[in-house]
Amino acid sequence: MSQKPTLTTSAGNPVADNQNSLSAGPRGPLLMQDYQLIEKLAHQNRERIPERVVHAKGWGAFGTLTITNDISRYSKAPLFGAVGKQTEVLARFSTVAGELGAADAERDVRGFALKFYTEQGNWDLVGNNTPVFFIRDPLKFPDFIHTQKRHPKTNLRSNTAAWDFWSLSPESLHQVTILMSDRGLPTDVRHINGYGSHTYSLINAANERTWVKFHFKTLQGHKHWANAEAADVVGRSRESTQEDLFYSIENGDFPKWRFCIQVMTEEQARQTSFNPFDLTKVWPHGEFPLIEVGVLELNRNPENYFAEIEQAAFSPSNVIPGVGHSPDKMLQARVFSYADAHRYRLGTHYEALPVNAPKSPVHHYHKDGAMRFFANNPNPDAYYEPNSFNGPAQSAEYAEPPLPIEGAGDRYDHREGNDDYSQPRALFELFDAGQKQRLFENIAAAMAGVPEFIVERQLGHFDKVHPDYGNGVRAALEAAK
Ligand code: NDP
């Protein structure tokens, strides 16, 4: 048997006894001098960090993106540079509303966050398993999330709050229909699609911009649970998704997704009947067909869940030359709020943690703060900018063309000129009879305890999508009485 390493304190001092505290006598009391005991208890007290306000419960793994199709006419990012090119990826999936200890098999949107460790820094694509979202204006975001979390008095989740907000915000209809459909309760994350959801931009070598949507289509097929099946699963295991992802990878059954894009020229964006920067809308495939880019494969479990998944920090602010943002208001808010959440949750220098650190060189002038552990710039005199000591400097070659901005600064009514019903109708019409019936029943179940006037307001929206939608939910509500 190989010799065991000597146990030490965190400062590296050898520990003689890890079983018995230092005490005045066999019956106590303890001595203040027992710094080993104090260090152990102090560490235990600090083992938790604030959980994410949203997307707290998560599962993740590492993998590879392999490019299968040349899209260099749209993007100059070296990541897309050549067929066969491989880039290391970290993926974190999550539910949205549940806390850190919530059960996995819950009806909820799934987060689908990717970090690509490219040679020009990290590109984070922080998406969901749905192509759209509940709202299109970020001013409504904290209110929306409050309806998904606990009531301030009862400390319980509230169907009333959810449907009150949704029925007063008809832009939510599209996402609500997806959430209440079969795909709203996936068995695990190998059997879901991922969507960048927001509109982003691709910039090519000639510095021309194309708007883009990112799609990851599961190659495992779609699998979901009915409500009753999920209740059974939760009764047996609250960690069903973690088990599925971890053991699939551990057993060499690596999940894969077909990575595709949809593209739209700036001119086309001026012509579409819908706002292409509205997060409650998709770009119809008929008009904007999917273009294959590559294959995403997850093939390595983290060695330490806390260090590599709980501390993983994804932010849409992390983009690389060749990929940029768009006027999408929800994206613009997330560019701020995700990085801000990590500064609060993990600390000022969260990007320097090994799982978040780029594999490419980092040169900035951020200075001190908690956990400053990275090296100075090569020349320590170059600690401000501009300087005369060869410190890192800006490179104009990375400038994007200016964003096309229409109008002057104002609070534009996000409801004006927006059709909240046609795209949910297109989705509803894709469902077969069985899918429609389950949609009606899932909605009726989620409306348990909701006051009649709120139910009626929401039924009015379903009627506008399709009379069969409203009537189907009415019948399911009647049957559930
Ligand atoms: P298409 O018929 O070309 O594509 C339908 C899309 O719907 C496919 O991407 C399919 O994903 C997806 N889908 C099927 N069932 C569900 C479900 N229960 N929940 C969510 N997505 C589902 O349609 P269009 O592009 O013309 O769009 C029609 C409607 O399809 C849209 O209004 C939207 O609701 C939905 N949709 C559209 C997407 C898009 O980017 N255009 C993306 C996802 C949904 P898969 O191929 O994996 O089966």
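Structure notes:
- Protection proxy ranking of 216-223, 51-58 - average other beta-carbon atoms within 10 Å, highest first: 51-58, 216-223
- HN-Hα J in Hz across the stretch 464-469 - Karplus 6.51, -1.76, 1.60, θ = phi - 60°, x for Gly and Pro: 5, 5, 6, x, 5, 5
- Test item: Cα-centred dipole of the chain, Lys/Arg +1 and Asp/Glu -1 on Cβ, debye: 660
- Gyration tensor verdict on the chain (Cα atoms; rounded if a/c is under 1.5, prolate if a/b is larger than b/c, oblate otherwise): oblate
- Rolling a 1.4 Å probe across the protein heavy atoms gives the chain an accessible surface of 51 Å² per residue.
- Selection from THR241, ALA408, GLY81, by position along the positive dipole direction of the chain (Cβ): THR241
- Cα centroid of the stretch 237-274 to Cα centroid of the stretch 291-309, whole Å: 12
- Per-residue ellipticity at 222 nm from helix content only, as computed over the chain with -39500 (n - 2.57) for each DSSP H run of at least four residues, stands at -8000 deg cm²/dmol.
- Given charges at beta-carbon only (K, R positive; D, E negative), |dipole| of the stretch 422-480 in Debye: 120
- Of all accessible heavy-atom area on the stretch 308-393, the percent that carbon and sulfur account for (1.4 Å): 57
- Fraction of accessible area attributable to carbon and sulfur, the stretch 422-480 (%, probe 1.4 Å): 56
The values are calculated or read from the model by the stated rules, or taken from the named source; none is laboratory data. All figures in this text were calculated on a predicted structure; none of them were measured in a lab. Neighbour counts are summed over all protein chains in view; Cβ atoms, including those assigned to glycine, are modelled from backbone coordinates with ideal geometry. With ligands, DNA and RNA removed, areas are computed over all heavy atoms of the protein, side chains included. Shrake-Rupley method; radii C 1.70, N 1.55, O 1.52, S 1.80 Å.
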